[in-house]
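One structure below.
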């Protein structure tokens with residue numbers, strides 16, 4: 001199943017449109033090589049942490065490797081050489097308090113949606129990457145955001161960027177932190193920061209939302225496997241922002257272009273510790289949604305209910321509603337990028353016989369019939385064992401991308417681009433599952449080479465980047481309560 005518009009080559013690179021980006025020095029979404037200061041003087045964007053965080057070797061080491069899970073995951077100790085002396089500090093600078101987020105995600109009734117509306121800005125940030133659940137279980141993961149994250153490390157950062165200022169979202173306090181630029185006295189709650197800068201800024205005038213990643217957060221447990229996990233989460237976060245914006249009546253243009261990222265980040269975001277990953281441009285609001293069925297009107301409750309199940313994914317073997325696959329089709333049709341396919345191995349979905357299905361061109365077609373359990377268990381093995389109970393799942397999705405074409409065009413950067421594409425689709429699968437009272441577990445314990453062969457992917461061209469198991473979660477020991485600001 002392929003996704004949204006503004007795509008030209010199927011590799012996840014949005015086409016240039018007639019609209020300017022609104023950031024000084026950027027005249028289009030792609031093809032930017034040099035940024036300029038507001039005064040017209042040229043400068044070269046500063047480099048960020050590592051010029052090549054995604055070398056081509058990562059395809060073999062992180063996607064195709066069958067090596068054991070790092071021992072640090074079992075022990076709970078940091079991976080060698082990745083431990084920091086101090087935890088990540090909270091963002092530093094003047095703070096802007098956001099209004100309490102609404103309980104529903106609907107466009108404003110009396111005016112077009114815009115970030116200048118405090119309720120719209122608050123809802124967009126909270127339901128994209130805010131804290132939605134608090135786990136009170138001793139020894140559990142205490143805080144859960146709107147997007148799934150490996151061991152709740154949440155390496156991604158979300159920043160609003162204007163031509164003269166940058167505002168980092170702090171989900172713990174539901175605030176914006178002024179990273180660069182200045183704000184007026186009545187806007188800021190100054191906490192050890194000054195209000196000097198290169199110009200005034202208002203987050204409501206932001207034209208871009210930038211996603212960056214702090215690899216060190218995830219590397220503390222996963223070591224060298226962290227870049228893949230960070231790339232996967234960045235894609236899910238991009239998909240989350242795109243989805244929530246659409247529900248609020250905002251229109252966004254997602255972007256992956258590396259040079260545009262450098263322009264957006266240079267002199268605005270901290271360097272040396274963050275990797276630029278992706279961005280979304282905020283465009284004019286949507287007057288008439290293209291598809292009235294997606295996003296659904298009950299999106300906010302679904303996002304609040306989303307979860308990945310217990311530590312060992314062992315769902316109840318009960319049938320899931322037929323509407324699950326109907327919603328999956330509508331959701332994937334609205335994905336921010338094209339260039340992916342979604343292979344569904346269906347076991348227990350009412351009205352659908354077990355078998356292998358594929359979403360493409362807005363339709364669900366059946367590839368083969370019969371119980372896919374053997375295929376699932378052959379694919380979903382790590383070091384000779386299966387880490388998910390596929391005998392009781394409702395269905396399992398494998399998201400595949402065109403790796404061969406992307407590597408030929410983008411080289412090493414294809415890794416980041418394709419994980420953004422696949423991650424955005426994976427988040428939609430998780431949201432659809434939650435809407436129907438199901439859990440969705442993203443689990444990398446699968447054999448990519450076996451998946452390619454058994455799913456009938458094009459050899460040397462297509463690669464599986466996500467395995468998402470969906471089922472009815474059993475009651476667990478965790479006790480979670482909603483987070484309300």
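Calculate the length of the line joining the C-alpha centroid of the range 379-440 to that of the range 215-250, in whole Å.
13 Å
Along its three principal axes, how long is the range 101-153 when you only count alpha carbons? Whole Å, largest extent first please.
The Cα atoms of the range 101-153 stretch 46, 18, 14 Å along their principal axes.
Take each of the peptides 422-428, 209-215, average the number of other beta-carbon atoms within 10 Å over its residues, and list them starting from the highest. All intermediate terms of the calculation are to be shown ahead of the outcome.
Working: 422-428: 30.0, 209-215: 25.3.
Result, highest mean first: 422-428, 209-215.
Grab the alpha carbons of the range 299-480, take their convex hull, and tell me the volume per residue in Å³. Write down the numbers at each step before the final one.
Details: hull volume 21.9 nm³, N = 182.
Residue-normalised Cα hull volume stands at 120 Å³.
Read the figures in this text as sums done on the coordinates, not as results from a lab. On a predicted model such as this, the values are computed, not experimentally measured, just so you know. When we count neighbours, we look across all protein chains shown, and the Cβ atoms used for this are built from the backbone with ideal geometry, even at glycine.
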